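Next up is a structure, given as structure tokens.
Nothing in this text is a laboratory measurement; each read-out follows from the coordinates by a stated rule. Treat the numbers as computed from the prediction; the structure is a model and nothing was measured. Here Cβ is always computed from backbone atoms with ideal geometry, including for glycine, and neighbour counts include all displayed protein chains.
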Amino acid sequence: MRLMNYAPSMKNYEEAIRRLRDAGIEIFSTVSATSADIAAIEARLGVSLPLSYRAMLSQFGIMSFEGIEVYGWTPSGVDGKSIPNVVFATEEDRKKGLISDQMVDFMVAGYGPTFVLDCAETGTDGEAPVYEIPAGGIKHGKDRLADSFGAFLLKEVERVVQDLRSEQAAASAGEDVGNETSRKWMADYWKQRAKDFE
């Protein structure tokens with residue numbers, strides 16, 4: 001998929017994917033979402049999904065790299081019963097009152113917070129901001145992290161690539177890095193997990 005002459009958020013998204021590939025970081029995915037699949041997600045959740053997030057759905061379905069898992073479309077469709085299905089994740093958090101009915105839960109941090117697209121704030125560019133919601137839910141506030149999914153993804157990729165370069169520099173300097181084992185374990189884990197979505 002080639003994205004050209006789009007809003008900055010789409011350029012950010014494309015740049016994030018390019019940087020992952022340039023760094024040799026494997027992207028694990030499921031099945032790509034069709035336009036009908038995306039329409040089904042939107043109808044079920046009652047929102048218009050942001051353009052850069054739609055691009056991820058169309059290209060990857062879900063995406064996972066270096067311990068980061070972005071929820072999305074899985075073969076189980078809108079009736080999925082587990083994460084990383086975006087409909088399941090979003091509906092569960094809405095039922096619990098953790099997010100508003102215009103938010104889409106697309107990722108969780110290992111330390112508890114949820115990352116959401118706030119579709120109530122969709123701008124004229126077709127993008128929605130990304131917020132971090134504390135583990136206790138929106139009643140405890142929300143922190144704006146990026147103006148779009150594309151911008152958020154690019155920041156995450158920059159962090160991952162920088163960490164990888166630091167590890168490589170340390171390893172070439174003869175320092176014990178210790179992360180290579182965990183990186184191999186994570187890659188093997190996602191190869192095995194991919195079978196769950198076939």
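Counting only DSSP beta bridges with both residues in segment 8-197, tell me the antiparallel percent, nearest 5.
Antiparallel bridges: around 95 percent, rounded to the nearest 5.
Order these by the 10 Å Cβ neighbour count, fewest first: 13, 131.
So the ranking, lowest neighbour count to highest, is 131, 13.
With θ set to phi - 60°, apply the Karplus curve 6.51 cos²θ - 1.76 cosθ + 1.60 along segment 39-50 and write out the HN-Hα couplings as whole Hz, x wherever there is a Gly or Pro.
So the J values, rounded to whole Hz, are 4, 5, 4, 4, 5, 5, 8, x, 9, 9, 6, x.
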